[in-house]
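Engineer: Sharing a structure with you now.
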Amino acid sequence: MQDYLAGQMPDFKDIEYVRPSVEELTEYVKEVRLKLMTCKDPEQASDIILEYEKKQSAFDTAYALCNILHDVDTSNDFYSDELEFFDEAFATVSELSAAVLTSLLNCPCADQLKEKYGEMIFKKAVNQKETISKEIIDDLTTESSLENDYSQIQSEAEIEFKGETLNLSMLNPYLESTDRKVRREAHIALDKYYQDKKETFDKIYDDLVKVRTTAARKLGYNNFTELGYKRMERYDYTPEMVKSFRDDILKYIVPITEQIRNLQKDRLDLENLRYWDLPTLFKNGNPVPNVPGEGYERVAGNFFSEIFGTVPSFFDVLSEHGFTDLLARKNKSTGGYCMYLEDYAIPFIFMNGNGTADDVATIVHEGGHAYAAIKSAEVSPFVECLSPTLETCEIHSTAMEFLSYPYMNMFYGDKASQYCELHMTQALLFMPYGCMVDEFQHIVYDNPELTPEQRHEAWKELEKKYQPFNDYGDKMPFHEMGGAWMKKDHIFTTPFYYIDYCLAHICALQLWDESRKDMKSALSKYNLLCEAGGTDTFLNLITKAGLESPFDTGVIKKLAYSICSFLEL
């Protein structure tokens, strides 16, 4: 990034997309494997594997670029077609990567390479060997295609509301309107949209469960849960540990969320708190940024300059060169993310700003991902080790949300404290929801023979457990029958990901709690974590950064106390 600050950074619009050749990569991998299997010179073996890493980086960059170019304009059929190419190519390239890393494991000088580069790339090599093989290539291709089908339908959503045709992102402000009638009607409109899509989404998800289960069994696993944990690279914790974590959230966090909802009912002066009331925590409405959407880039740049003491900030540089796309519009994909272009060592920040409090949280969240990607850009010569596993990545982003509190006047003026209260409240409310998503997926993949109706019934029962305050009234049949899980794209596209956010919250909140006493110390730990990239496992990385394990019940109890004090509960 230093080179880019010196003026050598390309503009995003000038980066050319070129479809990679899977055939050429396949032939190249054959040569690499043969060389590695016979190489006894560690320096020569190092040259061979690192040259391959450049080829892998080029493919990853093309894939990331294609995704971005598709998402910024979903009406462009060219990139929709290119994504179909990647649906097929990605499975093959994953198998090629696994084959190369297996050859690395079996290289005559593997021990010397392990001493030189550390154990993490070898852990990943073993993991890839156990999760990918030629016999599941067709299953992986089908899985990717089904995931894209769901995402494409969501990005093309058209909801008629108040004389307008809105997509899902553009409907969000109405869902938390101060006018109860408006937000009720908006939620009913959303319910109708999903009710109309229910049969389609049931079919897509049923097919996903089947193909994932088939792939798992071909690889020798009992079910996809076992394979799913391997895919998520959970090297140092188990489903049993995750269950214990969920139980702690049930015990220590869910009661606080019930208290919050009772206070919200009184605050809004309502006899009954309905589902459509839940997003609106304040009687005069949730605080919204006093910065217009067009000013987000400028103020975000100033924020990151302030917190890290650098001018210009990394965010300023990204924005100047077109590596941010922050506002919602038609023909733009939903959601938000930070996509890393490996060949350029540049992150791209994508989101759908719509004038709500979520905008600022998302800018800061994705900015945290981008900052971490830049800090770890040279931590390893292996692209596989630049970024850590996802629960650690989510600490990078979620911690930045909490560490931003002292600076929120930049976005909210005199409503900054109200935003911080809202954000912390939403963080508390999120954790039981995240655990509910995770437990739902364990139920589904541990019992792949469940019918769509049984899956909806399972979700309905989980809502009673994790969100006992949900009351859908009589106008939201889709939600009432247990369909709300269909709104969460992670359930379709990235199975078992969602608990990572919850684990990250517990780690991020530790940094927040420390920042209240010593911001410099909290930022030092944050930087240590970002700079380490993916050079170690989750629990080892957070230990090195001075954080306690989220699986420690005592940590959750302590944080629950600190949060209640902060919110004056």
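The values are calculated or read from the model by the stated rules, or taken from the named source; none is laboratory data. Predicted, not measured: the structure shown is a model, and the values here were computed from it. Cβ sites come from the backbone with ideal geometry, for glycine too, and all protein chains shown count toward neighbours. Note: accessible area is taken over every heavy atom of the protein model, side chains too, but ligands, DNA and RNA are not part of it. Shrake-Rupley method; radii C 1.70, N 1.55, O 1.52, S 1.80 Å.
Engineer: Rounded, prolate or oblate for region 392-459? Axes are the square roots of the Cα gyration tensor eigenvalues, ordered a ≥ b ≥ c, and the cut-off for rounded is a/c under 1.5. Mind dumping the intermediate values first?
Structural biologist: Numbers: a/c = 5.06, a/b = 2.74, b/c = 1.85.
Prolate, since a/c reaches 1.5 and a/b exceeds b/c.
Engineer: Follow-up question, since we're still on this one. Starting from the Kirkwood Rh over alpha-carbon pairs, what translational D in µm² s⁻¹ does the chain have by Stokes-Einstein at 10 °C and 1.306 mPa s?
Structural biologist: Working: Rh = 24.8 Å.
Reported coefficient: 64 µm²/s.
Engineer: For the chain, what's the relative contact order in percent, using C-alpha pairs closer than 8 Å and at least 6 residues apart?
Structural biologist: Values: 774 pairs, mean separation 100.7, N = 569.
With pairs under 8 Å counted, the relative contact order is 18 percent.
Engineer: Mind checking the angle between helix 519-532 and the chain's longest principal axis? C-alpha axes, 0 to 90 degrees, to the nearest 10.
Structural biologist: Taking the Cα atoms of the chain, the angle to 519-532 is about 40 degrees.
Engineer: Calculate the spin-label point distance for residue 531 paired with residue 54, positioning each point 7 Å from the Cα along the beta-carbon direction, and give it in nanometres.
Structural biologist: Output for this residue pair reads 2.9 nm.
Engineer: OK, next. With respect to the cross-link table entries 54/332; 129/375; 488/557; 203/460; 243/465, which display a Cα-Cα separation exceeding 22 Å?
Structural biologist: Values: 54/332 31 Å; 129/375 29 Å; 488/557 28 Å; 203/460 19 Å; 243/465 14 Å.
The pairs that break the limit, which is 22 Å between Cα atoms, are 54/332; 129/375; 488/557.
Engineer: In region 22-60, which chymotrypsin sites (Phe, Trp or Tyr not before Pro) fall in coil by DSSP and have 13 or fewer other Cβ atoms within 10 Å?
Structural biologist: none
Engineer: Roll a 1.4 angstrom probe over the protein heavy atoms and tell me the percent of accessible area of the chain that is carbon or sulfur. Working shown, then result.
Structural biologist: Numbers: 11090 of 23510 Å².
Carbon with sulfur: 47 percent of the solvent-accessible area.
Engineer: Which of the three applies to region 221-297, rounded, prolate or oblate, going by the alpha-carbon gyration tensor with a ≥ b ≥ c and a/c under 1.5 meaning rounded? Walk me through the intermediate numbers first.
Structural biologist: Working: a/c = 3.31, a/b = 1.66, b/c = 2.00.
Note, shape of region 221-297 comes out oblate.
Engineer: With charges set only on the Cβ (+1 for Lys and Arg, -1 for Asp and Glu), what does the dipole of the chain come to about its Cα centre, in debye to the nearest 20?
Structural biologist: Values: 58 positive and 96 negative charges, 315 e Å.
Magnitude of the dipole: close to 1520 debye.
Engineer: With n ≥ 4 as the cut-off for DSSP H runs, can you work out [θ] at 222 nm for the chain, using -39500 (n - 2.57) per run divided by the number of residues, rounded to the nearest 500? Numbers along the way, then the final one.
Structural biologist: Working: 24 runs with 364 residues, N = 569.
Helices in the chain give a 222 nm mean residue ellipticity of -21000 deg cm²/dmol.
Engineer: Helix 499-515 versus the longest principal axis of the chain: what is the Cα-based angle in degrees, 0 to 90, to the nearest 10?
Structural biologist: For 499-515 against the chain, the angle is about 70 degrees.
Engineer: Can you pull the one-decimal nm distance between simple spin-label points at residue 18 and residue 454, each 7 Å off the Cα toward Cβ?
Structural biologist: Computed distance between label sites residue 18 and residue 454 equals 5.2 nm.
Engineer: What is the Cα centroid distance between region 209-282 and region 453-524, reported in whole angstrom?
Structural biologist: 5 Å
Engineer: Moving to a separate point now. Quick one: accessible area per residue over the chain, 1.4 Å probe, rounded to a whole number of Å²?
Structural biologist: Working: 23510 Å² over 569 residues.
Per residue, the chain has 41 Å² of solvent-accessible surface.
Engineer: Would you mind getting me the FRET efficiency between residue 80 and residue 516? Use the beta-carbon distance for r and R0 = 45 Å, nearest 0.05. Could you put the intermediate results ahead of the total?
Structural biologist: Working: r = 47 Å, r/R0 = 1.05.
Calculated transfer efficiency: 0.45.
Engineer: Under 8 Å for C-alpha pairs, at least 6 residues apart: give me the relative contact order for region 304-385, rounded to a whole percent. List each step's numbers first, then the result.
Structural biologist: On the way: 90 pairs, mean separation 20.3, N = 82.
Over region 304-385, the number comes to 25 percent.
Engineer: Classify region 272-315 as rounded, prolate or oblate from the Cα gyration tensor: take a ≥ b ≥ c as the square roots of its eigenvalues, call it rounded if a/c is under 1.5, otherwise prolate when a/b beats b/c and oblate if not.
Structural biologist: Working: a/c = 4.18, a/b = 3.04, b/c = 1.37.
In terms of gyration-tensor shape, prolate.
Engineer: For residue 290 and residue 566 in one chain, what is 0.36 nm times their gap in residues minus the Cα-Cα distance, to one decimal in nm? Spell out each step's value before the answer.
Structural biologist: On the way: separation 276, 0.36 × 276 = 99.36 nm, distance 2.40 nm.
The span from residue 290 to residue 566 would gain 97.0 nm if fully extended.
Engineer: What is the helix-to-structure angle for 452-466, meaning the angle in degrees between its Cα long axis and the longest Cα principal axis of the chain, kept from 0 to 90 and rounded to the nearest 10?
Structural biologist: Rounded to the nearest ten degrees, it is 60.
Engineer: For residue 540 and residue 200 in one chain, what is 0.36 nm times their gap in residues minus the Cα-Cα distance, to one decimal in nm? Numbers along the way, then the final one.
Structural biologist: Details: separation 340, 0.36 × 340 = 122.40 nm, distance 4.23 nm.
Between residue 540 and residue 200, full extension yields an extra 118.2 nm.
Engineer: Between residue 43 and residue 269, what is the label-point separation in nm under the 7 Å Cα-to-beta-carbon projection?
Structural biologist: Distance between the two pseudo-spin positions: 8.1 nm.
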